[in-house]
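Reading through the structure tokens given below for one structure.
The values are calculated or read from the model by the stated rules, or taken from the named source; none is laboratory data. Just so it is clear, the model here is predicted, and its values are computed rather than measured. In this analysis, Cβ positions are derived from the backbone assuming ideal geometry, glycine residues included, and neighbour counts consider all displayed protein chains.
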Amino acid sequence: MLFVYGLLLPGEKGFESLGLAAHVRALGPERIAGRLYHLGDYPALVPGGAGIVRGDLLAFTEPGLLDKLDAYELYDPENSDKSEYRRVRVDLLESGRSAWTYAYNRPVTNRPVIAAGSWRMPA
């Protein structure tokens, strides 16, 4: 399972361009502890802490889809320190389960916080 919060949300640019509708099942809204930061065209997630991030939970219907998503998110498991994002496990607040998500792997200094915790409702 994958927690998505930005361009991989159903209906968003990444979800559409990767054709994810044919390869995932949307399980509905979910929340995690963390903060979202505005990077311009897409958000950055820093998991943990006191904030709440709202997104959706996706289940995979195609084996190997994580490799495709890793490439989209510029995550290289062999060189994670240099990757823009890291794929990490997070605890889901609604269901009590855990899932993969992509966490930003760069400093967020001077980046505006998305106070609502939702890419779709950034105010």
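Scanning region 1-18 for residues that are among the small types (Gly, Ala, Ser) and either under 17 Å from Leu39 (Cα atoms) or part of a helix (DSSP H, G or I) (or both) yields Gly6, Gly14, Ser17.
Considering every residue within region 103-123, establish whether at least one is at pLDDT 95 or above, in contact with a helix residue (DSSP H, G or I) (Cβ under 8 Å, 6 or more places away or on another chain) and within 17 Å of Gly14 (Cβ to Cβ). No: region 103-123 contains no residue that is at pLDDT 95 or above, in contact with a helix residue (DSSP H, G or I) (Cβ under 8 Å, 6 or more places away or on another chain) and within 17 Å of Gly14 (Cβ to Cβ). May I ask you to verify whether Gly51 is at pLDDT 95 or above and closer than 13 Å to Phe3 by Cα? Criteria not met by Gly51. As a summary of the residue check, Gly11 satisfies the conditions (1) buried (at least 20 other Cβ atoms within 10 Å of the Cβ); (2) at pLDDT below 95; (3) not aromatic (Phe, Trp, Tyr) except for the one numbered (1).
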